[in-house]
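The values are calculated or read from the model by the stated rules, or taken from the named source; none is laboratory data. Just so it is clear, the model here is predicted, and its values are computed rather than measured. Glycine gets a Cβ as well: all are built from the backbone with ideal geometry, and neighbour counts include every protein chain shown. Side chains included, ligands, DNA and RNA excluded: accessible areas come from the protein's heavy atoms. Shrake-Rupley method; radii C 1.70, N 1.55, O 1.52, S 1.80 Å.
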Amino acid sequence: MLNSPRIEINLTKVRNNTEKVVGLASSKGIEIWGVTKGAGGDLEVARAMLAGGVVGLADARMVNLKRLASLNSPLMLLRIPMLDEIREIIKYIDVSLNSELEVIRSLNQEAKRLDKVHKIILMVDLGDRREGILPKNVIDTVKEIKKLNNIRLIGLGTNFACFAGVLPTAGKMSQLMNLVDKIRDNLKLDLPIISGGNSSSLPLLKEEKYTPIANQLRVGETILLGLEVPTGTKFSLTSIETFKLVAPIIELKDKNILIDGQERIQRRAILAIGKQDIIPEGLKLLDKSISIVGASSDHLIVDISLRDDLKLGDEIEFRLDYASLLRVMTSSYIKKVYCGRG
Ligand SMILES: *Cc1c(COP(=O)(O)O)cnc(C)c1O
């Protein structure tokens with residue numbers, strides 16, 4: 001009988017990775033929020049992150065965060081809110097990241113209606129060109145936010161390495177610090193939080209002499225996959241053996257193929273996963289003698305010429321990159337199997 005495709009999640013290793021990242025950060029006075037979106041907001045993974053010492057859970061999707069609310073930890077919404085999720089944000093979320101005054105005013109209105117105070121971090125675009133207001137508009141925006149009684153601006157935040165590939169540097173961070181100082185001095189507003197970025201900020205922390213300006217980071221990839229961002233290589237302190245994708249062989253045949261105009265025979269296998277579940281380029285075979293030929297929506301084709309021992313139903317194992325993990329964890333066709341304890 002064939003086994004179904006599955007993702008094996010080692011919760012012990014997720015927790016250990018979290019402990020390593022939290023330890024590194026706390027030695028520099030930084031708190032870590034565990035970002036669950038790469039794992040589709042998975043409850044067990046989130047529990048492992050909490051056991052590893054994160055101060056709260058962060059995700060881009062309200063669907064995930066509403067599920068995570070059952071864990072009774074502080075929740076952060078990472079993606080700039082949609083206007084029609086304002087009500088749920090005030091109900092479930094402790095802190096949201098924002099860059100639009102219109103949205104912040106709506107949050108204020110809803111918070112007022114429910115007699116609550118909602119915390120926000122104002123995102124500043126330091127060059128990555130994804131979310132955030134430009135530095136020159138920060139002061140004026142903060143002046144407007146200050147008028148809102150049911151919104152508490154707790155800090156400034158920024159994001160790196162997500163779109164234009166701009167990386168966190170000491171220079172970029174002191175630009176953010178200058179803005180915080182200006183707000184503290186000119187607007188008499190104490191901003192306790194400097195939310196300095198994501199996994200891509202961690203390598204800097206390993207430099208002994210580096211004194212960070214940020215006191216908060218939002219970390220997903222290095223905890224979940226143990227990888228350094230943006231190099232994609234193993235981060236020195238973490239394990240990359242956290243998630244393993246396993247898929248069975250459903251066809252195994254010699255195929256005639258053309259290589260350099262010459263007809264050759266190649267031993268190929270088809271696995272029961274496809275582009276609905278994975279991004280083929282984001283998979284890494286554990287067995288280096290096998291290689292990926294390509295994929296369609298429901299099939300993954302691999303070259304197994306160097307493995308004459310494989311038979312129908314045998315399983316092939318992969319590690320994943322972040323984008324592929326995200327797709328696996330949101331595919332309803334892939335079974336989740338947990339091992340270890342979070
Ligand atoms: C996804 C995301 C993160 C986490 O990024 P990683 O590279 O997974 O550490 C942090 N902040 C924001 C705003 C995000 O969207």
Is it the case that segment 38-56 has a residue that's touching a Ser or Thr at 6+ places or on another chain (Cβ under 7 Å) and either charged (D, E, K, R) or in a strand (DSSP E or B) (or both)? yes
Assuming V293 fulfils every condition listed in (1) touching a Leu at 6+ places or on another chain (Cβ under 9 Å); (2) in a loop (DSSP other than H, G, I, E, B); (3) over 23 Å from K13 (Cα atoms) apart from one, which condition is it? (2)
Any residue in segment 296-324 that is under 15 Å from L245 (Cβ atoms) sitting within a Cβ distance under 8 Å of a residue that is assigned to a strand (DSSP E or B) and within 16 Å of the ligand (Cβ to nearest atom)? List the pairs, counting only those 6 or more apart or interchain. R319/F243; L320/F243; D321/L227; Y322/L227
Within segment 193-208, is there a residue that is surrounded by fewer than 19 Cβ atoms within 10 Å (Cβ to Cβ) and free of Cβ contacts under 8 Å to residues at least 12 places away in the same chain? yes
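A quick yes/no check of all residues on (1) of a type in the set (G, A, S); (2) within 23 Å of P192 (Cβ to Cβ); (3) open to solvent by 10 Å² or more (accessible area, probe 1.4 Å); (4) more than 16 Å from the chain's Cα centre (by Cα):
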position: R47; (1), (2), (3), (4): no, no, yes, no
position: G56; (1), (2), (3), (4): yes, yes, no, no
position: D59; (1), (2), (3), (4): no, yes, no, no
position: V63; (1), (2), (3), (4): no, no, yes, no
position: L75; (1), (2), (3), (4): no, yes, no, no
position: E88; (1), (2), (3), (4): no, no, yes, yes
position: S99; (1), (2), (3), (4): yes, yes, yes, yes
position: N108; (1), (2), (3), (4): no, yes, yes, yes
Quick check on my filter: what residues within segment 295-313 are open to solvent by 20 Å² or more (accessible area, probe 1.4 Å) and under 27 Å from the mean Cα position of the chain (by Cα)? A295, S296, S297, D298, H299
If I filter segment 212-235 for residues that are more than 16 Å from the ligand (Cβ to nearest atom), open to solvent by 60 Å² or more (accessible area, probe 1.4 Å) and either in contact with a His (Cβ under 8 Å, 6 or more places away or on another chain) or part of a loop (DSSP other than H, G, I, E, B) (or both), do I get at least one hit? no
